[in-house]
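The values are calculated or read from the model by the stated rules, or taken from the named source; none is laboratory data. As the structure is a computational prediction, the values presented were derived from the model and not from experiment. FYI the Cβ positions are ideal-geometry reconstructions off the backbone, even for glycines, and counts take in every protein chain you see.
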Amino acid sequence: MTNTVRCGLIQASNVKGPQYSNEEIKKAMIDKHLKFIKQSADKKVKVLCLQEIFYGPYFAAEQNPRWYQLSEKAPQGPTTTLMRQVAKKHRMVIIACIFEEEQTGEYYNTAVVIDADGKYLGKYRKNHIPHCYPGFWEKYYFRPGNLGYPVFQTKFATIGITLCYDRHFVEGPRILGLKGARIVFNPNATVSGLSEHIWKLEMSAIAAFNQYFVGAVNRVGREYWNTGEFYGTSYFADPRGKIIAMASRTKDEVLIADLDLDLIREVRDNWQFYRDRRPETYGEILK
């Protein structure tokens, strides 16, 4: 009996420009993703991850209070509620990334996790918040996450999440591995430039160091601030760090891969990274 889980990543370009209202932008992006979710269900995907703040543009390219109106509660908000209905309909685990409002003036970059029966399992809040020129003004919008690095026991696999800039920091992904994550998803909104040459290295290296599967998803296209091109190339990597599936650089698409979770045991039996850890020697990293 195999222990294989079919997983999907949706990479998509933004639909409407700033001349449209926030509500029109949000509706257009949700409608677009619903079509991709249906396509994923038709192809028997069991765990599906959407890109960072999937229902809008990457608005942190500017500092504009307009975009606070895209925020919503989690799990009470309309997008999480809708995704719960969709997950239940398709019997699919969905990771949906939203702009979360805890209360007025307190906002997070958040991924909500919904099980295949529509049950809300919890959320991850992005821990590392970039703020740099040009085009990454995230601290204007988001507080650093305060929920640590949770793992989620879904119907099909134990999963963990990091969000975009988190991928540059190795500590969180190791915690997820120690907590039993078998697949770690990393939704992104990242443009060509400094990060592109390490895009294929970082999450594949994290997969190898921690001996689990990863799914890294990025959006595509250019948005109206023209801060760079979102270069897609979403991918899955296996516990050896090998990239086993990769999407195009420019096209909207669903990337699908069958992940054999039994490979994790095989890899860990050969390379005993967890057995040979020396946490008592790592104290200096906390200074």
Over segment 62-110, the set of residues within 26 Å of E223 (Cα to Cα), touching a residue at least 60 places away in the same chain (Cβ under 8 Å) and crowded, with 19+ Cβ neighbours inside 10 Å is W67, I95, C97
Given the conditions (1) on the phi < 0 side of the Ramachandran plot; (2) at pLDDT 95 or above, every one holds for R91 apart from (1)
Quiz item: Could we say that M83 is under 30 Å from L263 (Cβ atoms), under 18 Å from the mean Cα position of the chain (by Cα), part of a helix (DSSP H, G or I) and aliphatic (A, V, I, L, M) here?
Solution: yes
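Identify, please: which residue in segment 245-266 is in contact with an Asp or Glu (Cβ under 8 Å, 6 or more places away or on another chain) and not small (G, A, S) and is, among those, nearest to F213 (Cα to Cα)? Break it down into steps so the answer makes sense when it comes.
Kept after step one, since they are in contact with an Asp or Glu (Cβ under 8 Å, 6 or more places away or on another chain), are these residues of segment 245-266: 247, 259, 263.
Retained after the next criterion (residues that are not small (G, A, S)): 259, 263.
Working: L259: 7, L263: 9 Å.
Here the answer is L259.
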Note to self: Taking the criterion of being surrounded by fewer than 19 Cβ atoms within 10 Å (Cβ to Cβ), out of contact with any Cys (no Cβ under 7 Å at 6 or more places or on another chain) and not charged (D, E, K, R), would at least one residue in segment 43-59 satisfy it?
What the structure shows: no
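Okay, residues lined up against (1) at pLDDT below 95; (2) more than 21 Å from C97 (Cα to Cα); (3) among the polar types (S, T, N, Q); (4) more than 14 Å from the chain's Cα centre (by Cα):
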{"position": "N210", "(1), (2), (3), (4)": "no, yes, yes, yes"}
{"position": "R219", "(1), (2), (3), (4)": "no, no, no, no"}
{"position": "E223", "(1), (2), (3), (4)": "yes, no, no, yes"}
{"position": "Y235", "(1), (2), (3), (4)": "no, no, no, no"}
{"position": "P239", "(1), (2), (3), (4)": "no, yes, no, yes"}
{"position": "I244", "(1), (2), (3), (4)": "no, yes, no, yes"}
{"position": "S248", "(1), (2), (3), (4)": "no, yes, yes, yes"}
{"position": "D252", "(1), (2), (3), (4)": "no, no, no, yes"}
Across (1) charged (D, E, K, R); (2) touching an Asp or Glu at 6+ places or on another chain (Cβ under 9 Å); (3) closer than 20 Å to A60 by Cβ, E223 clears everything bar (2)
For segment 199-220 the number of residues that are in a loop (DSSP other than H, G, I, E, B) and closer than 19 Å to A189 by Cα is 2
Among residues of segment 11-42 being within 20 Å of P78 (Cα to Cα) and touching a His at 6+ places or on another chain (Cβ under 8 Å), the residue surrounded by the most Cβ atoms within 10 Å (Cβ to Cβ) is I37
